[in-house]
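*Asks:* Can you read through this structure? Questions will come right after.
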Amino acid sequence: MKPWEEKTTMEKGKMIGVYILLVAILISVIGSVAVGGMYMNKKMQAVDKQLKKLSEKEKEEGTKEDDVLIAGSYTIKSTKKISDAYLQEIGAKDAKKDDSKKEDDKKDGDKKDKKEKKIKLNEKEQATLDMAKKVIDKEIKDGMTDYEKEVAIYEWVCKNISTGNSSLLSTGNDAESVSTPYGVLKGHNAVCVGYATTFRLFMQMLGIECKVVHNNDSYHSWDEVKLDGDWYYVDCYSDSETANYANFNMNDDLCLRGHDWDRSYFPAAVGTKYNYAVMNAKPCDDIFKLPKKIRRMFEQRKKSVISFNLGTTLDENQEQILSEMATKIQELINNNYAADVQFGLIETENKEKVLSVTLNRYNNNSESESQLSEEDQQKVQKAFDKAFSDYNGEGLSDDNSGEMTEDGQQPAA
């Protein structure tokens, strides 16, 4: 299978975070306080059953965009009232500019002044609007196209909102702090629902049609944006903190590699024009030059995405060569460095083939390690080396599983 045909998922750490969240919810229901490794399989089976029930419940009620419960804790809530209030405010300002032109008409009685009823926001809604307006005022410039506005908001959301572990495990009253635009813009932490609803709010405020999509098992959500009559999928959560455009403006085919959803309910996304890789592809007429070009991207530390337009003449043999190159690069990077590289091959509306290359760089130092003193880190390393320096995986197979004594030995029969 070619690298760009493989079924992909969310970044591993984030996917694990979702399952940790679901297990945490399950534990709270059961009343347990700890999950041992030997019970994890049973817990996951229970989680799968819970997800299945949520999915079956939605099928009974019918798919909808808002008021959907994600991961058993986070509700997708409408943002339209806030965005409508903003658009009304903008419209009122524009109307004031034209007042002088309309004055003569009013005097002559040709037009009647019809005042639109002002949308009233509660305190939290107004605070949300005020925070969102500050971002728009800073990031959006006069003369920007809708695509440029979308890129600006995508980059801001991905770079300024975090998926910290504390957010992933938030439940109960804390859920709204990471799943609503108010909580997200205030605390800058979010779960997928928070990313999706906040991005939608910005798009709606900018007059760009946008929907929040969720997957069939109701544990993940993302956005769908309409540009020049075509729909595109955007998953800020999966691209968070890297903003590498791997999940930006995808069509159905691209999105299906890592997502699933009710395609009979949400609009089909068939466009490729505004896909980031397509928009920024550099021409390449010799595929054997690609490895060197890709290495150059790796060496430019600030760059995490690059794409190449290979034209319309790429045949099956050349595609196989391209696949072999991509596989070798993936094996080198993914297996030896704190990074992973992903490839995508997109066919544009003009039948051109565009190769996209995205790189995720990971921080070697975890949060827990950074909190330890150098002395404690050395002690941990010493204990680890003493126990595992010559370990070869013995006892991990099912044939040799069983309880162990305190000294790590199998008990006597």
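*Asks:* Name the single residue that is modelled with the highest pLDDT among those in segment 166-184 being surrounded by fewer than 24 Cβ atoms within 10 Å (Cβ to Cβ) and aliphatic (A, V, I, L, M).
*Replies:* 175
*Asks:* I would also like to ask the following. Give just the number: which of (1) modelled with pLDDT under 90; (2) touching a His at 6+ places or on another chain (Cβ under 7 Å) does residue 70 not satisfy?
*Replies:* (1)
*Asks:* Still on this model: In segment 294-310, what residues are exposed (fewer than 14 other Cβ atoms within 10 Å of the Cβ) and over 26 Å from residue 148 (Cβ atoms)?
*Replies:* Those that are exposed (fewer than 14 other Cβ atoms within 10 Å of the Cβ) and over 26 Å from residue 148 (Cβ atoms): 295, 296, 299.
*Asks:* Would you mind finding the one in 321, 329, 333, 346 that is at pLDDT 70 or above, in contact with an Asp or Glu (Cβ under 7 Å, 6 or more places away or on another chain) and closer than 21 Å to residue 293 by Cα?
*Replies:* On inspection, the qualifying residue turns out to be 333.
*Asks:* Return the only residue of 276, 265, 232 being surrounded by fewer than 21 Cβ atoms within 10 Å (Cβ to Cβ), modelled with pLDDT of 95 or more and over 12 Å from the mean Cα position of the chain (by Cα).
*Replies:* 265
*Asks:* Among (1) touching a strand residue (DSSP E or B) at 6+ places or on another chain (Cβ under 8 Å); (2) assigned to a loop (DSSP other than H, G, I, E, B), which single condition is residue 224 missing?
*Replies:* Looking at each condition in turn, residue 224 falls short on (2).
The values are calculated or read from the model by the stated rules, or taken from the named source; none is laboratory data. The structure presented is a predicted model; accordingly, all values stated were derived computationally and were not measured. Heads up, the Cβs are rebuilt from the backbone with ideal geometry, glycines too, and the neighbour counts pull from every protein chain shown.
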